[in-house]
Structure formats: structure tokens, C-alpha cells
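One structure is given here, and the rest of the page talks about it.
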Amino acid sequence: MRLLGFEITRRKPPVVTKALAQSVQDRGWWSMIYDAWPGGWQANASDAIYSQNTVLAYHAVYACITLIANDIGKLRHKLVEQDPKTRIWSETTNSAFSPVLRRPNNYQNHIQFKEWWITSKLINGNAYALKQRDGRGVVTALYLLDPLRVKPLVTPTAEVYYELKSDNMAGLEAENVVVPASEIIHDRMNCLFHPLLGVGPIFACGAAASQGLRIIEDQNSFFANHAHPGGMLLAPGAISQDTAERLKTYWNENFSGDNAGKIAALGDGLKYEPMRMTAADAQLIDQLKWTAEIVCSAFHVPPFKIGLGIMPTYQNAEVLNQIYYADCLQSLIEQFEACMDEGMGLDTPTAGRQMGVELDLSGLLRMDQATQIKTLTEGVKGGLWTPNEARSQVDAAPLAGGDTVYLQQQYYSLEALAERDANAPFAAPPAVPAPDKSAEPETDDDDEDDVQRYAADLIAYVLQPASATP
């Protein structure tokens, strides 16, 4: 049958392939179930097993995933093209690729698409996008699939296929469809067990998240009991079992639940002794903070980004964002761009044109207005940008004559300076020979005397008093 513009053959993989696929899947599924303590899962202890759905309820896990996904999702797609001469990348448009970047499918815009891509990758360790092609073979839509309904398959000849379960939103009506790897964009986290199956950060922080949830649940139960801990009644002497059961029933009915906090009158030397460790003794707040910090370390998120602790005061906001980008976001962004380039066929030059997908980081690493203006001004003065290029960064309209790089007149090009240095400008000038007086023409001494007398008479005339003037 034909699916999304691609001819699909519904078939079961060979026995050997199925065995290999099962091995891949089994190893990959270890990222889906976690042990709260060693041996708990093997002992079939129900409270020792936790899944993604459980740990996602922990505030630190939810905050890290949504923070990363939202920060990458808000970055604008850019279709860029490389100039074959200068090797410089610049933004462009293309009728074959630009539409799918603006609207990847019929139910997600580009922000929602990137957010769900990163969310799927962080939670499950894998993100799968099914391609839809037109008659030319050009990708016209991308549908993100549920990672739990995708199974990588490997043939004996090392060819990779993907078995897809039904997904109405992606147009998959059949229960099992096998497609080649060329029709799937597979972005995966660090592959700890198999190169086709990524392992998400929850694998490393699931135990800490589970512990944090247990602390919160315990405190919820404690405060639901009006913050009165459980305890025991102590008698000064031996009592029968019947008496103990009667006191226990009486105490539970009258002084627990909604009746907690009521005054009890005890006789015969009975004494109430709380059994619960205090929050201070258990270092409850420190334990809860520690579990959240472990979650942040697994996601490589600075704790202050999710409201844990205070923001460092020794760095400005721009530097802190740069650290967050380098340690947490950069790898995810680069992997997303590489997967999109390969999946859309942009990694191979077409007709001498090399294109690619980039995410505009200006939406993430924005400077404050004063720093931005100073940076743009210095860039224009230094000849890095034209005035109109700098104005576009602050959404100002271009001006006439602003498309030229300006430098001060006293600046010289490196080529001119090199030519000057080649001519030895700082070398000593050659010696000037003394003039040869024998070659000078003879002068008439009488004429020289006449000139001197005329000059003296002219000076005397100018300096004589006004009354002496005829």
C-alpha cells in the first residue's frame, strides 16, 4: 500500500531479524523501568518500581524537562545557504523546504513541534519523526511518533528498519507497518546499551525523584493527620492482649484522623510516646533539596534555573545564560539541526547549493538593552557590521547609505601597511651631496648693491612720520 507518499510493504521481518529486533528492544526498555533499590524489581516489590509517569510528577523533573523544551521550542527555524566562494552561511527561502519548517504538520506549529520533539527525547531518550513526501520525493510534512509505539529493527545485513504501531494523527491506520530508516528521523540521547536506543536523563535521576516524591507524600500524610505523629501508649506494668487491643481501638477511634489533636485523659500510669522522627532530625528540607539537585545534575540544568537556591551574584545574566546554553542546550540544539539536515536531504549539495537548518539563538541569548546598543555600536565602528545590519538587530528601519561599512579615514588596510613596510619607511634617508659652488653662475655685484639700496629706501619711506608725507 502507499502511505504518506511512500510505498509501504506490510510484512513481518525474517526470523533472524525479529530476534535481533527483540534484543534491541529489550535492552532499550531498561530505560522504562527503574529500581528504587538494588534487587527490588527482581523481588517483585511493587513499591520498588517506578516509571516515567511516576517521576514526572516530581517538581524538579517536570521543571527541567519543560524548561529545556520551551527554551529550544522558542528558537526560530532558519533555512540557511552557504556561499560557495566565501563559505558564509546566510538565511534564505526555498519553496521545497521553507513550508515544512514553518508548519511541520497539520496539527503543530514549529514551536509545538520542537517542544514535543525535545520532550519526547528527554523523557524516553528517543524522538521519532515520520516523513511525508510528495511525488518529487521532497519531504512535505513531519509527524512525531509515540516512542513507545516504535520498534527499531535490524536485518542480518545491518539494514535498519522501524516497526510502527497504528497512529491516527500520523496517518498510520495499520497495526504494524515496517518502514526503512530513510523514512524516519531518529534523534536519540546517549546510547548506553545499543546504538539505536537512547537513554534519557530519567534513567540517572529516577531514584532521586522517587525519593523526593516519597518525602512529599509522607509529609502530605503527616499534615493530613493535623501534623500529629503516630505513637504508642506505654503502661507501667504488664497488660493483657485484650486490654491492649481495646486501648488501641479506643485510641484510633477517638484521637486519630479528624479527631487528632483532641485532649485524652489517661489513667493507671498510661503514657503517650510519639514514634515519628522529627523533620529536623530527619533533615527533611536538606534531603528534599538534595534529590532536586541530583535531578538538575542529570539534566545538566543549573539549579537556580528551576528556582532551586539563589542565582549566583558573581556573574551577570548574560554569562549565566551562556553557561546554561553551553552545558545543557547546545548539544540538543546541534543534534536537532543535524537530524533535520539529514532527514530533509539538506546535507547533500544540490546543484552546487549547500543548505541547512539552524535555530536562531538570538531568542535565547538576548542581551540587556544597554549592552546590546554598546555591542552594536562597537561592531559598526570596527567595520564588522553595516549601520543597517546593526539597526535591524533593534527592529529599526534601514536608512539610505547604511549598507556600507564605514571606517575612519586614518585607518589603513593591511595590504597598504604591508606595502609601506616593504619599502622600508623607517630606514635612514640617503646622504645629500654638498652643492658644487663652482658650477653656480656669476652675479653682478653692482646689481646686488642696487637692490639693497632700494630696499632700504622703501623701508625708510614706510616708517617716516605721516606729517612728512608730501
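The values are calculated or read from the model by the stated rules, or taken from the named source; none is laboratory data. From a predicted model like this one, the values you see are computed outputs, not experimental measurements. As a convention, Cβ positions derive from the backbone with ideal geometry for all residues, glycine included, and neighbour counts pool all protein chains shown. In case anyone asks, the SASA skips ligands and DNA or RNA and just uses the protein heavy atoms, side chains included. Shrake-Rupley method; radii C 1.70, N 1.55, O 1.52, S 1.80 Å.
At-a-glance table
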{"item": "Subset of region 81-104 [among the acidic types (Asp, Glu) and either within 19 Å of residue 335 (Cα to Cα) or surrounded by 15 or more Cβ atoms within 10 Å (Cβ to Cβ) (or both)]", "result": "81"}
{"item": "Scan of region 146-178 for residues that are touching a helix residue (DSSP H, G or I) at 6+ places or on another chain (Cβ under 6 Å) and within 21 Å of residue 117 (Cβ to Cβ), ordered by number", "result": "147, 151, 152, 160, 165"}
{"item": "Among residues of region 74-105, those that are small (Gly, Ala, Ser) and in contact with a Phe, Trp or Tyr (Cβ under 6 Å, 6 or more places away or on another chain), counted", "result": "0"}
{"item": "Qualifying residue in region 334-346 (condition: at pLDDT 85 or above, aromatic (Phe, Trp, Tyr) and either open to solvent by less than 90 Å² (accessible area, probe 1.4 Å) or assigned to a helix (DSSP H, G or I) (or both))", "result": "yes"}
{"item": "Residue match in region 105-123 (condition: assigned to a strand (DSSP E or B) and buried (at least 21 other Cβ atoms within 10 Å of the Cβ))", "result": "no"}
{"item": "Given (1) under 23 Å from the mean Cα position of the chain (by Cα); (2) modelled with pLDDT of 90 or more; (3) of a type outside the set (A, V, I, L, M), number of the condition residue 91 does not satisfy", "result": "(2)"}
{"item": "Close pairs (6 angstrom Cβ cut-off, 6 or more residues apart or separate chains): closer than 15 Å to residue 132 by Cβ in region 169-182, of a type outside the set (A, V, I, L, M, F, W, C) and assigned to a loop (DSSP other than H, G, I, E, B) anywhere", "result": "172/166"}
{"item": "Residues of region 293-347 satisfying the condition of being among the polar types (S, T, N, Q), under 28 Å from residue 104 (Cα atoms) and out of contact with any helix residue (DSSP H, G or I) (no Cβ under 9 Å at 6 or more places or on another chain)", "result": "330, 331"}
{"item": "Verdict on residue 128 being under 22 Å from residue 66 (Cα atoms) and not in a loop (DSSP other than H, G, I, E, B)", "result": "yes"}
{"item": "Region 396-445 - residue that is among the acidic types (Asp, Glu) and at pLDDT 80 or above and, of those, surrounded by the fewest Cβ atoms within 10 Å (Cβ to Cβ)", "result": "415"}
{"item": "Elements of type strands (runs of 3 or more DSSP E) in region 139-223, at least 3 residues being more than 23 Å from residue 100 (Cα to Cα)", "result": "150-154, 160-164"}
{"item": "Selection count, region 308-331, where residues are farther than 28 Å from residue 288 by Cα and either open to solvent by less than 30 Å² (accessible area, probe 1.4 Å) or part of a loop (DSSP other than H, G, I, E, B) (or both)", "result": "1"}
{"item": "Any hit, region 368-386, residues being aliphatic (A, V, I, L, M), at pLDDT 80 or above, part of a loop (DSSP other than H, G, I, E, B) and under 30 Å from residue 318 (Cα atoms)", "result": "yes"}
{"item": "Residues that are open to solvent by 40 Å² or more (accessible area, probe 1.4 Å) and charged (D, E, K, R), drawn from region 155-203", "result": "159, 165, 173, 175, 188"}
{"item": "All positions within region 347-360 that are open to solvent by 50 Å² or more (accessible area, probe 1.4 Å) and either assigned to a helix (DSSP H, G or I) or at pLDDT 75 or above (or both)", "result": "347, 348, 353, 358"}
